[in-house]
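Colleague: First, the structure itself, so that you have it in front of you.
Bear in mind these aren't lab numbers, they're just calculated from the coordinates by the rules spelled out. In this text the structure is predicted, and so the values were computed from the model without any measurement. Counting neighbours? That spans all protein chains shown, and the Cβs are built from the backbone with ideal geometry, glycine included.
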Amino acid sequence: MNTKKVALVTGAGAGIGKAIALRLARDGYDLAVNDLKAPEETTAEVRALGVDCLAVAADVSDENQVHAMYQQIQEHYGRLDVLVNNAGICPIRTMEMVSVRNMINTYNINVVSMFLNAKEAVAIMKNQPWGGRIINACSQSGFRETPVTFEYTTTKWSIRGMTQAMSQALARYHITVNAYCPGTILTPMQDRIAQQTAKIMNVPVEAVREYQKKSQPLGRFQPVEEIADMVAFLASDEASGINGQDILCNGGQVMN
Ligand code: NAD
């Protein structure tokens, strides 16, 4: 078995997931990094920090692919200490635009994927006397609705509920489950959100960005590293007593 702690970050090919992988590598974890395609750039940057990194291509909403990913992790490391359920999508559609197929697809990728990954992670973690940490990507959209992200908002509210339910189910195995809830972080996802929102609202992209910037109490957008800091804290020994919480790390845009 690996002597160092091991963390899996899903959706680690870009944005927040990549920043989390790099931060956990700096904290000394060996990593498994996942994305739809093997995240080669993240893998190279993680390895350059002197830790081991296993790259796994898998669609986190596909049960067979997820099972195969955990088999690889088990074979390579023989342990898993931290699962960061980070992968997610944010389609831009009003309620009237959303089809049943859209709704099911977004739930599969944003919510069912976290359940699938948690089931596999728990099968490893529950045999570890020290348990483990499951950390789910939620959002401030899990606290308030925006007009053009109907499916996304409902999935993020679900993730808050699932985080609480999992925390109760898994505490007996010394596995804690928490969620991080970012605000507006300038990642490839936010670029797509700004472009598609501008199209739906029939305004220039710059107007969307200006509105987003004005909504920041700190007067600035947050870098991905501030979200990685929160995840690193939730993974750390200092957070051992935090369980079942959804923690807003959004510069104060939305309050709980
Ligand atoms: P992003 O789109 O920039 O990056 C997400 C990564 O996940 C991509 O590399 C993508 O390929 C991967 N991914 C998507 N579907 C996948 C699947 N089915 N299987 C495996 N990988 C998949 O997104 P981001 O902005 O970095 O967001 C990361 C997480 O943080 C998401 O869950 C998102 O909802 C949440 N979040 C982001 C923001 C923000 O402002 N950026 C705010 C709140 C919450």
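Colleague: Using label points projected 7 Å from each Cα along Cα→Cβ, tell me how many nm separate K37 and D52, to one decimal.
Modeller: 2.7 nm
Colleague: Let me ask something else about it. What nm distance separates the two modelled labels at I242 and N105, each placed 7 Å from Cα along Cα→Cβ?
Modeller: Label at I242, label at N105, 3.5 nm between them.
Colleague: Starting from the Cα of K4, draw a straight line to each of the lysines and keep only those under 28 Å, dropping any in the same chain fewer than 8 residues away.
Modeller: K18, K37, K119, K126
Colleague: If the elastic network links every pair of Cα atoms under 10 Å, which of A14, A123, A228 fluctuates the most in the Gaussian network model of the chain?
Modeller: Residue with maximal mean-square fluctuation among A14, A123, A228: A123.
Colleague: Ok, one more. Relative to the compact-globule scaling 2.2 N^0.38 Å, provide the ratio for the alpha-carbon radius of gyration of segment 144-184. Could you put the intermediate results ahead of the total?
Modeller: Details: Rg = 12.8 Å, N = 41, 2.2 N^0.38 = 9.0 Å.
Scaled against compact globular proteins, the figure is 1.42.
Colleague: So which residue, out of V224, V100, V46, gets the largest mean-square fluctuation from a GNM of the chain using Cα contacts under 10 Å as springs?
Modeller: V100
Colleague: Is any helix in the chain, taking whole DSSP H runs, at least 15 angstrom long along its axis by alpha carbon and on average at least 0.5 on the Kyte-Doolittle scale, and which ones?
Modeller: Within the chain the helices that satisfy the rule are 15-26, 113-125, 224-235.
Colleague: Would you please state which residues of segment 18-36 a label at Q128 would reach in this model, taking the label point 7 Å out along Cα→Cβ and a backbone N cut-off of under 13 Å?
Modeller: 29-32
Colleague: Please identify, among E75, E225, E145, the residue showing maximal mean-square fluctuation in a Gaussian network model of the chain using a 10 angstrom Cα cutoff.
Modeller: E75
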